[in-house]
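The values are calculated or read from the model by the stated rules, or taken from the named source; none is laboratory data. Note that the structure is a prediction, hence the values are computed from the model and not measured. Backbone-built Cβ (ideal geometry, glycine too); neighbour counts: all protein chains shown. Calculation scope for accessible area: heavy atoms of the full protein, side chains included, ligands and nucleic acids excluded. Shrake-Rupley method; radii C 1.70, N 1.55, O 1.52, S 1.80 Å.
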Amino acid sequence: MSAAATPVTAIRASAFTVPTDAPEADGTYSWDSTTLVLVEADGGGKTGLGWTYAPVPAAALVEGLLAPAVQGIGVLDVPAAAAAMARTVRNPGRTGLASYAVSAVDCALWDLKARLLEVPLHKLLGAVRDSVAVYGSGGFTTYSDDQLRDQLQGWAQGQHIPRVKIKIGQDGGTHVARDLERIRQARAAIGPGTELFVDANGGYSAKQAIRVMRDAADEHVTWFEEPVSSDDLAGLRAVRAAVDADVAAGEYGTGLVYFRRMCSADAVDCLQADVSRCGGISEWLRVAAVAAAHGLEISGHCAPHLSAAVAAATPNFRHLEWFHDHVRIENMLFDGTLDPEGGWVWPSDVPGNGLAFRAADARPYRVQ
């Protein structure tokens, strides 16, 4: 059977919950484990891989709702599968958890297509660059001074990543003095030659966020992520107008209209999108086009090995989050993971996304 006539024959989903290596928290949430929902898509004797970081019920959505919608569609016709999934989740709601499930399936189908055609995924998508800039991300509010220093220096001096990010806004912005002290500690750890990013995860009010950046001016923060809730577009715009750091948001977006509204509101200097949440590679490309139409770049949120190929194919791409939790899990569960030495990753030149799932290593973490 020719590739053009090859259908998607099966979609399978499984969930794996991996404990963190230390207690973790940001400005508005704390956790001690992370769940990866893996999707495997079969067709033409090949299997494509996609995943999302989501609650276990996302796996049931994949197998019970989305699999019947895409089985039988041509492996090469990923946009048709994306449209079929959009129709299928119309009534239960396209945003939220359904979008996470759609994202995992969409990414698996793009990977399957690339493997069937025997081309690297970033080449199938149309690469505009060979390498993708990354930034080290972690610096959780639960970390001790020593943990924070060791992690940041591991990126900045060990792996020579020239940009790093920490969490602030502890306990909903109620510990500003500690936030400021941790910003100072971070700058001391990385030195003057590394960019310092901060992420409040919506923990502050707009004026509070402005005061924090004013008081941290000597530390030269260049990226201020979610100073207020991503839903507070007026607040984001106010912070953006008042601070020197680039204001960024968008990681929770699960629909094209969400991103259009954020861009139209002049709320951000750089739009964030998460390929494992926004609707997969198919929707990411549309989101990036919306950002470009507003003169904005796009930054990849988390799931770095899922994001690298489409990042390399996005003209207005800035950088990719090398998030501690997800890097750790992806290194544990997949062969073919990437090396961020020097602050860049190079998408694989083997067919598909270049990854192989290590089922035996994953088995202890599987959630039934």
_What does the C-alpha gyration tensor say about the overall shape of region 38-182? Classify as rounded when a/c is under 1.5, otherwise prolate if a/b is larger than b/c, or oblate._
oblate
*asked:* Can you give me the long-range amide H partners of Val275? Hydrogens built in the peptide plane at 1.01 Å from N, cutoff under 5 Å, separation of 5 or more residues or another chain.
replied: His301
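With all protein chains present and a 1.4 Å probe, how do Tyr252, Tyr53, Tyr258, Tyr135 order by accessible area, largest first?
Heavy-atom accessible area, descending, gives Tyr252, Tyr258, Tyr53, Tyr135.
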_I'd like to know which of Leu338, Ser30, Val367 lies farthest towards the positive end of the charge dipole of the chain, counting +1 on Cβ of Lys and Arg and -1 on Cβ of Asp and Glu._
Val367
_Amide H contacts of Val128 (H built 1.01 Å from N, under 5 Å, at least 5 apart or other chain)_ = Ala313, Thr314
*Sort region 65-135 into rounded, prolate or oblate with this rule: let a ≥ b ≥ c be the square roots of the eigenvalues of the Cα gyration tensor; rounded if a/c is under 1.5, and if a/c is not under 1.5, prolate when a/b is larger than b/c, oblate otherwise.*
oblate
*Qualifying lysines (Cα of each under 24 Å from Cα of Lys207; at least 8 residues distant if same chain)*: Lys165, Lys167
*Based solely on its DSSP helices, what 222 nm [θ] is calculated for the chain when runs of n ≥ 4 H residues each add -39,500 (n - 2.57) and the sum is averaged over all residues, nearest 500 deg cm²/dmol?*
-11000 deg cm²/dmol
*What percent do you get for the relative contact order of region 87-239 when only Cα pairs under 8 Å and 6+ apart count?*
16
_Reachable aspartates and glutamates from Lys123, criterion Cα separation under 15 angstrom, eight or more residues apart if same chain_ = Asp111, Asp349
*asked:* From Cα pairs below 8 angstrom and at least 6 apart in sequence, can you work out the relative contact order of the chain, rounded to a whole percent?
replied: 20
*What net charge is computed for the residues neighbouring Ala67, neighbours being all others with C-beta under 12 Å from the C-beta of Ala67, Lys and Arg scored +1, Asp and Glu -1?*
-2
*Whichever aspartates and glutamates have a C-alpha closer than 14 Å to that of Lys113, once near sequence neighbours (fewer than 8 apart) are set aside*: Glu40, Asp42, Asp77
*asked:* Can you classify region 218-368 as rounded, prolate or oblate using the Cα gyration tensor, where a ≥ b ≥ c are the square roots of its eigenvalues, rounded means a/c under 1.5, and otherwise it's prolate if a/b beats b/c and oblate if not?
replied: prolate
*Please state the relative contact order of region 1-126 as a whole percent: Cα pairs under 8 Å, 6+ residues apart?*
30
